[in-house]
Amino acid sequence: MAVSGKAQKKKNLNFARLTVFWVMMFLIGLALISLFMPNQNLETVPISDVVRRANAGEVEKLEIRGNEVIVTLRGEEYPTEMARRDSSASIFDQGLELDAPVEITVSEPSNTGEIIGNVAIFALPTLIIIGFFVFMMRQAQGQNSQAMSFGKSKAKLYGADKKKVLFTDIAGNENAKQDLNEVVDFLKHPKKYEQLGARIPSGVLLVGNPGTGKTMMARAVAGEAGVPFFSISGSEFVEMFAGVGASRVRDLFQKAKKNAPSIIFIDEIDAVARKRESRGGGGREEHEQTLNQILVEMDGFENETGVIVMAATNRLDMLDPALLRPGRFDRHIKVTLPERVDRLEILKVHFKKKPADSSVDLEAMAAKTAGSSGADLANIANEAAIIAARGNRKTITNDDLVEAFEKVAIGPERKSKVMSDHEKELTAYHEAGHAVVGHVLPDSDPVHKVTIIPRGHTGGVTWFIPPEDRSYKSIYEFKDVLARAMGGRQAEKMKYGEGGVTTGAGSDLRIATDTARAMVVEEGMSVNLKDQVFHRDDEGFFAGIAKPFSEKTQEEIDKEVAGLIKEAVVRAEKILTANKKFVDALAKELLAKETLEEEEVKKVLTGTVLPKDVKLHD
Ligand code: ADP
């Protein structure tokens, strides 16, 4: 109903605008007509002049209209002049003699032009002023209604009009679906549970990385149970003004209760429900009030309310514990990144309605996309279709799919970027450095592709892809990742000397530093601070809270990070020195072909050696 009311309002507004437009056009038209009406722009001359020129044979025709004499000169098609005579006398009574062969006509005086002109001249400004007032009033009204609806929630209602999502539309995540099936049953048959005195859960928290399909899951619960679904994002509760968030929460719950049984879905609930001590900064009060209102509303749920609140977050540890108590969000459902089989299923779902030719290998794509979310895969499928359409193909080929994957994973190729020959060579050596170090180290993922065509924000790319999904990563793998990250700059140094080092390694160094810090702080993988973690979930929101470690430990952490980086540099250097001829060969091949696939890289690098002192284990 709300939707049709809005549409009606919009229709009325359009109609009013159209009417004003046409009235304006009509009046402007009238003004123009009156401007071009005969007489309006004729030159006025003395009547004696007319008579004199008529006698001289210069005049073709005279039209006497009331006390105006309209003059058409000889050779002219239309009148060009006008003379006014004394109203009481005819032209011939003015003591002027007219004996020329002039055609004289007498007609009734007409003043339509004058009337039209006057109407236009008076009405137009009046209408403009009225139009202006109407416009101002509308504006004011608009603002008023906006101000009035400030405290209203902006929740979107997905009702019967929107396409229903069902569990079958979601690939993988079987555990989550199973848990949610229970919720569907609560919504469908509440009596069954009430009779046994069971408390129907009121809050379900979906925890998982962005793009793993949490919103889809919540919509599917609504779809399966056939109930309305109110969706809002946590950040939409928070406004500049205090109290708005709380009143939006009240409004949202009211709407949902009116439509019960129903589902409220709050996306990114962490935007309003962070742990109190980690919030800090401005808007603290506002967050507090909004969160409290959510808690109050949820506590106020009676068994028969029939409203289930679902919320999504990727940081369970950041949420205020008050929110997680029994009776509130006490059910947590983990939505994980898809594994290989699930990735295949997701790709199949998104290729169902796309014409793909027989070359398309979804299995291979599923194998390559470890760590991708459902949203990433949906994006790849969509990009593939776009690429095929751009190439004017009727079906999607495997090449389109691979290109789409690369575009989504590392950004589009920027072939138009001009690089000098020196820059090209430098990039080739840089990438060859990464590739050789990565290829030689036993715990690094294999090289998947190397290119010196700029992609996304990088000058070139060496791409390593894990051959299979892994849940854990060893310290050896971390160290090999660090070493291969440093391989680019070390290869530049080897080729051009210390002075030839460029800014091209900026992002490598950032990745390496972040990895090293994560090893020390989060994984307890350093030498002196072994098996300890110094990780704070709410880092960045310190807000005056002491760090959970001393300054001395902080210094130690910094030292350990620097040590890991140094070690990586030394390892990379040793590998590159021992395999110099392979670095040269790979760089040369890259300069010739620009892009090398896994097999081509392997071929060039056959025969590389792993120096003994670089080995970390047997
Ligand atoms: P989240 O809420 O976790 O950020 P969404 O539910 O918004 O993720 O998912 C984004 C998109 O990704 C969906 O619209 C869908 O196209 C796709 N997607 C994610 N997971 C799956 C899945 N398991 N099966 C099919 N499509 C999925």
> Per residue, how much accessible area does the stretch 167-279 have with a 1.4 Å probe, in Å²?
Replying inline: 41
>> Explain nothing, just compute: Karplus ³J(HN,Hα) = 6.51 cos²θ - 1.76 cosθ + 1.60, θ = phi - 60°, for every residue of the stretch 443-451 in order, whole Hz, x for Gly and Pro.
In response: 9, 8, 5, x, 5, 9, 6, 10, 9
>> Full-extension gain between M24 and V501, please, as 0.36 nm times their residue separation minus the C-alpha to C-alpha distance.
In response: 164.8 nm
> What is the local net charge at F405, summed over the other residues whose Cβ is closer than 9 Å to its Cβ (Lys, Arg +1; Asp, Glu -1)?
Replying inline: -1
> Within the stretch 560-618, which trypsin sites (Lys or Arg not before Pro) sit in a loop by DSSP and count at most 13 neighbouring Cβ atoms inside 10 Å?
Replying inline: K615
>> Can you compute 3J(HN,Hα) from phi for each residue in the stretch 455-467, using the Karplus curve 6.51 cos²θ - 1.76 cosθ + 1.60 with θ = phi - 60°, rounded to whole Hz and x for Gly and Pro?
In response: 9, x, 9, 10, x, x, 9, 10, 10, 10, 10, x, x
>> Around V440, under 14 Å between beta carbons, what's the net of Lys plus Arg minus Asp minus Glu among the other residues?
In response: +4
>> Within 10 Å of each candidate Cβ there may be at most 10 other Cβ atoms; applying that plus a DSSP loop requirement, which chymotrypsin sites (Phe, Trp or Tyr not before Pro) in the stretch 390-497 survive?
In response: Y472
> Can you list residues whose amide H is under 5 Å from R331's amide H, if they're 5+ apart or on another chain and H is modeled 1.01 Å from N?
Replying inline: G203, L205
>> For E60, what residues show an amide H to amide H distance below 5 Å, using hydrogens built from the backbone and excluding near sequence neighbours?
In response: T72, L73, R74
> Carbon-plus-sulfur fraction of the accessible area of the stretch 380-439, 1.4 Å probe, in percent?
Replying inline: 48
>> Using a 1.4 angstrom probe on the protein heavy atoms only, could you order E63, E174, E560 from most to least accessible area?
In response: E174, E63, E560
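List the trypsin sites (Lys or Arg not before Pro) in the stretch 318-419 that DSSP assigns to loop (not H, G, I, E or B) and whose Cβ has at most 15 other Cβ atoms within 10 Å. Which are they?
Qualifying residues, ordered by number: K352, K353, R393, K394, R414, K415, K417.
The values are calculated or read from the model by the stated rules, or taken from the named source; none is laboratory data. Everything quoted here is computed from the prediction, not taken from an experiment. Glycine also receives a Cβ, built like all others from the backbone with ideal geometry; neighbour counts cover every protein chain displayed. Just the protein is used for accessible areas: all its heavy atoms, side chains included, with ligands, DNA and RNA removed. Shrake-Rupley method; radii C 1.70, N 1.55, O 1.52, S 1.80 Å.
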